[in-house]
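Working notes, beginning with the structure itself.
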Amino acid sequence: MYQAFLKLSRHTKIALCVAPILIILGWAASDIWAESQAMKPRFYEMKLSKQGCDLVSKNCVLGSGEFELNLYQEGNVTTLNSSFPLDTATLFLVDKYDESAVFRMGMKDSPYYWHRETPLSEFVKGTGSQQKIRLIATVKGGRYVGEFITNNRVN
Amino acid sequence: MENQQTYWKDNVRLILVCLAIWFTVSFGFGLLLVEPLNTIRLGGYKLGFWFAQQGSIYTFLALVFWYAKKMNDLDKKYKVEEK
């Protein structure tokens, strides 16, 4: 191997030695650039899946690209499960006058799970009950925003 | 002396061309133009993603041998080739 390298012309030897340095420099610079881009605030709109939003039966999935959130209700606790680790999660329960009550969710074991005690179970009680919800989740400077109406199909 | 200067000028020009290609494929295609390139598919992969992961490396390899060939040609032109 070394003998074969020695047989190469001086320009090939120099190019083979310089190329890895340029690759490492490029990798480091692109990493810095990508990091700075990721920290810039950006907004993404999340859309509700076609099945709609049934919180009680854990069937309420919002998504934007590969990012997905699953919101569900167990007793008095509203839980959010994310496909990526979140920095913050905030839930807004909106009434018929468009006034909202804010619930900042707390991390549950890992940044993939967030929960908070809310009065949501009262609002989504019974088949066909509806509640307007706004949700903001932040991931490394990116803000994922969703507004939707729940539609309970079970008691 | 004049020969040495034009040899050096040609050498620097070649290096600048190589650096421009290096910048275009690594930063240009892999980062700055990644979104528009991702609309094009190459063998099932998004083109911007492919350039960031593989395409730039292949180009760097090709660049190494292209640069060496061009420099060997320059050596011959200015009669300073290796014996």
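The values are calculated or read from the model by the stated rules, or taken from the named source; none is laboratory data. For clarity, every value in this text was computed on a predicted model and none was experimentally measured. Backbone-built Cβ (ideal geometry, glycine too); neighbour counts: all protein chains shown. All accessible areas refer to the heavy atoms of the entire protein, side chains included, with ligands and DNA or RNA removed. Shrake-Rupley method; radii C 1.70, N 1.55, O 1.52, S 1.80 Å.
Relative to the longest principal axis of the Cα atoms of chain A, the long axis of helix A:10-39 makes an angle of roughly 20 degrees. In this Cβ point-charge picture (+1 for Lys and Arg, -1 for Asp and Glu), region A:42-149 has a dipole of about 160 debye about its Cα centre.
With bins 5 Å wide beginning at 0, the percent of Cα pairs of chain B falling in each bin runs 3, 14, 19, 16, 13, 10, 9, 7, 6, 2, 0. Computed over the alpha-carbon atoms, the protein assembly as shown gives an Rg to Rh ratio of 1.27, Rh here being the Kirkwood radius from the mean inverse distance.
Label positions at B:PHE23 and A:VAL77, each projected 7 Å from the Cα along the C-beta direction, are separated by 5.5 nm.
Summed over both chains, the contact between B and A buries some 1400 Å² of accessible surface at a probe radius of 1.4 Å.
With a 10 Å cut-off between alpha carbons and a GNM built on chain B, which of B:THR24, B:THR39, B:THR59 moves the most? Judging by the Gaussian network model, the answer is B:THR39. Taking θ as phi - 60° and the Karplus parameters 6.51, -1.76 and 1.60, the scalar couplings of region A:135-150 work out to 9, 10, 10, 10, 9, 6, x, x, 10, 9, 10, x, 10, 7, 10, 6 Hz in sequence order, x denoting glycine and proline. The residue among A:LEU135, A:ILE24, A:PHE5 whose Cα reaches farthest toward the positive pole of the charge dipole of region A:1-142, with charges on the beta-carbon of Lys, Arg, Asp and Glu, is A:PHE5.
By DSSP, the beta bridges lying fully in chain A are antiparallel in about 90 percent of cases. Accessible-area rank, largest first, for A:LYS125, A:LYS50: A:LYS50, A:LYS125, with all protein chains present and a 1.4 angstrom probe. The peptide list B:50-58, B:3-11, put in order of mean Cβ contacts within 10 Å with the highest first, becomes B:50-58, B:3-11.
Residues whose amide H lies under 5 Å from that of A:LEU86, counting only those 5 or more places away or on a different chain, are A:TYR112; hydrogens are built 1.01 Å from N in the peptide plane. Applying a 4.7 Å Cβ-Cβ cutoff to chain A, the cysteines left without a disulfide-compatible partner are A:CYS17.
Taking amide H as placed 1.01 Å from N in the peptide plane, the amide H of A:LEU8 sits under 5 Å from none that are at least 5 places away or on another chain. Would you mind checking the pairs B:LYS9/B:LYS77; A:LYS40/B:LYS46; A:LYS47/B:LYS46 and listing those with alpha carbons more than 19 angstrom apart? The pairs that break the limit, which is 19 Å between Cα atoms, are A:LYS40/B:LYS46; A:LYS47/B:LYS46. Normalise the Debye intensity by I(0) for region A:42-149, one equal point scatterer per Cα, no solvent, then take log10 at q = 0.12, 0.20 Å⁻¹ and round to two decimals. So the normalised log intensities are -0.35, -1.05. For A:ASN59, nonlocal amide neighbours, meaning residues 5 or more places apart or on other chains whose placed amide H falls under 5 Å from its own, are A:ASP54.
The figure for A:ASP109 is an accessible area of roughly 150 square angstrom, using a 1.4 Å probe on the protein chains alone.
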